[in-house]
């Protein structure tokens, strides 16, 4: 299934605002450029230009790869001595255009100035950000595939934790203390073996904030929060958070896990276009019903070409069918630890639909 | 060893240009923000503000993690309803500043406009890009560590290729055809197991351009170019390219490999501050001496927080001691395939010094 390219959305915006062109400039990992350019891995600065007639990609390197994947009309060389913004202005001049050029608000300042120096009026638009909120079937399929890799990583985390044994009061794995860092590397290797990128994996032990290099060892009974946000080759993210306890005593952590699981089960059905503002209410009500204080960190956020993107679950943001969100619930107690669960959910007319499935059990 | 934070370079630039502050706004993977902010994994937009007195990071999420790693004076909340540029202007106003604000040329256009609306004059500076060219010992050490992960990935590629056998004219591995994609996943898992990110791995078979999803199978005698550019948790890159042939006939590919290896050996000693413009000349001369046409794709480029960054090997760019470059040589023949070798090299007074070492043999 081919990914969508919303040149038509952009062109509609050009018509509505009586503008000559849409322009953005940035690096390969810029979400707007990924969405419109689909250019894959390109070194240096890129630009996308959309007019009523034509969609163009300016790319410094790997133009062969870019030509293969760009869904627009032409790929032009860039880079070298001439700044990208100046090249874009020259392309617009060659097309005989004038008037207003729309850009995302984050277009590089120098590119905007080159356009203004060439006589164009620069105005900002959120058309691409808006278009990105509701995912197409093809985008959701990519996110499902990435989420499968998250599940593979989580399976590896559970398998490693399950294979530990207690030694001098902490967990040993393969004859050495299991640290958050060792666990992360095992998880990341499993995610990479699925063809996905694993840059964000975070392992939090006993409620401590997770850092990539943590040499924290793990003790029996401590909560281990495994937070995965793998990214696919097209830039789309998944999100999966689970909490494990090895040799738990079944007290606080067990009740906290039930609260978190209950909260997800109550909130997921609310993820419909009408239900947006009730999702967080449901999450918090369920946590409260289990006798815990709701956490300000529980909630939901859009997931796509960015780890956090629109929609929010504020009343101010629409929740369209097709939006993909992480629902993320956290129960914390400074004396006991943190239980956190997050799943990836797509919005449908009838409520949320899980993308991927992984058991929520505390026991690895 | 702690990574450098060139607030002093920035402050010198503020003094030289009689400016009140340096400001940049962007996402966590922006090289300038990584260099100055060291903020790790933060969702949403970030800003760094450097004045004569103080260095501040504005971060939307994970302020605890950001506070821990930011080497400046304070971490302030950002995100939410107020645009980052407006917040930055308010911070400068609170400090009683006025006059010129320096920014990289790529500062988001809206941030520049917010600053101008608050009465500041915005002017661009390359001070951070300039500071990034010569790596400190601590940065080079990070790059060596990343390069070790590249070597681990390459060892895995060689091991997989070595374990193949010929079946129906192509290479099988673990009872199924070995594709470029399967080989990439094995390599990426090995890189991730070393704690590094493997987003750029590219496998090119028989001179074809490499794509991340390639289902290309591999035949005996075909050249397999394995191109690795892993990235460490701090953002620094390595680069390692090797070419393998399983069951080669020892003809063209063997001679091409000798030419590429000879070219690297001849060019590496030229990587001193005086030798910059002779490096490419040496590469090409050596390839020619072996009876091949020099490739326009052979050359060198800086490697650091970006896969390609300054210095270039143009006569226009300085080659300071401490700069880290990839030297990348390619010998191609449409009828025979491509042999490509690249190593990571640090510039010293006496010529280049290899970071990491991996055999250059064609045989896996």
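Only the coordinates and a few stated rules stand behind these numbers; no lab work does. Just so we're clear, the structure is a prediction, and the values are computed from it rather than from any experiment. Note that we place each Cβ from the backbone using ideal geometry, even for glycine, and neighbour counts take in every protein chain shown.
Observations on the model:
- Calculated label separations, residue A:77, copies of the chain, 7 Å along the beta-carbon direction, nm: 5.2
- Compared with the dominant Cα axis of chain A, that is its longest principal axis, helix A:252-267 is turned about 40°.
- Of the beta bridges in segment A:7-132, as assigned by DSSP with both residues counted there, near 50 percent are antiparallel.
- Burial ordering of B:236, A:200, A:290, A:114, fewest other beta-carbon atoms within 10 Å first: A:290, A:200, A:114, B:236
- Residues A:196, B:154, ranked from the fewest to the most other C-beta atoms within 10 Å, line up as B:154, A:196.
- Chain A: relative contact order as a whole-number percent, Cα under 8 Å and 6+ apart: 14 percent
- Calculated on the alpha-carbon coordinates, the convex hull of chain A measures out at 144 cubic angstrom per residue.
- With contacts taken as Cα pairs under 8 Å and at least 6 residues apart, segment B:93-154 reaches a relative contact order of 31 percent.
- Ranked packing of A:19-28, A:252-261, A:323-332, most packed first, by mean Cβ within 10 Å: A:323-332, A:19-28, A:252-261
- Label-point spacing for residue A:99 across the identical copies (point 7 Å from Cα in the Cβ direction), in nm and ascending order: 4.4.
- Projected-area mean, segment B:110-239, by convex hull of Cα positions, square nanometres: 11.3 nm²
- 10 Å Cβ neighbours from other chains, averaged over peptide B:64-71: 1
- Summed over qualifying helices (DSSP H, 4 residues or more, each -39500 (n - 2.57)) and divided by its residue number, chain A shows a 222 nm mean residue ellipticity of -10000 deg cm²/dmol.
- Relative contact order %, segment B:137-354, counting alpha carbon pairs below 8 Å whose residues are six or more apart: 19 percent
- Counting Cβ atoms of other protein chains within 10 Å of each residue's Cβ and taking the mean over peptide A:175-186 gives 1.
- Residues A:301, B:120, sorted so that the one with the fewest Cβ neighbours within 10 Å comes first: A:301, B:120
- Angle in degrees between helix A:84-94 and the longest Cα principal axis of chain A, rounded to the nearest 10: 40 degrees
- Across identical copies of the chain, residue B:138 has label-point separations of 4.6 nm, listed in ascending order, with the point defined 7 angstrom from Cα along Cα→Cβ.
- On the principal axes of its alpha carbon atoms, segment A:63-127 extends 33, 29, 23 Å, with the longest extent given first.
- Per-q log10 I(q)/I(0), segment A:7-132, q = 0.09, 0.14, 0.21 Å⁻¹ (Debye; single scatterer per alpha-carbon; no solvent): -0.20, -0.51, -1.24
- Largest first, the extents of the alpha carbon coordinates of the protein assembly as shown on the three principal axes equal 79, 63, 51 Å.
- Average partner coverage of A:99-107, which counts Cβ from other chains inside 10 Å: 3
- Percent breakdown of C-alpha pair distances by 5 Å bin, ordered from the shortest bin, for segment B:137-354: 1, 8, 15, 18, 18, 16, 12, 7, 3, 1, 0
- Cα long-axis angle, helix A:7-16 against chain A (0 to 90 degrees, to the nearest 10): 60 degrees
- Taking the centroid of alpha carbons for each part, segment A:88-144 and segment B:112-173 are 28 Å apart.
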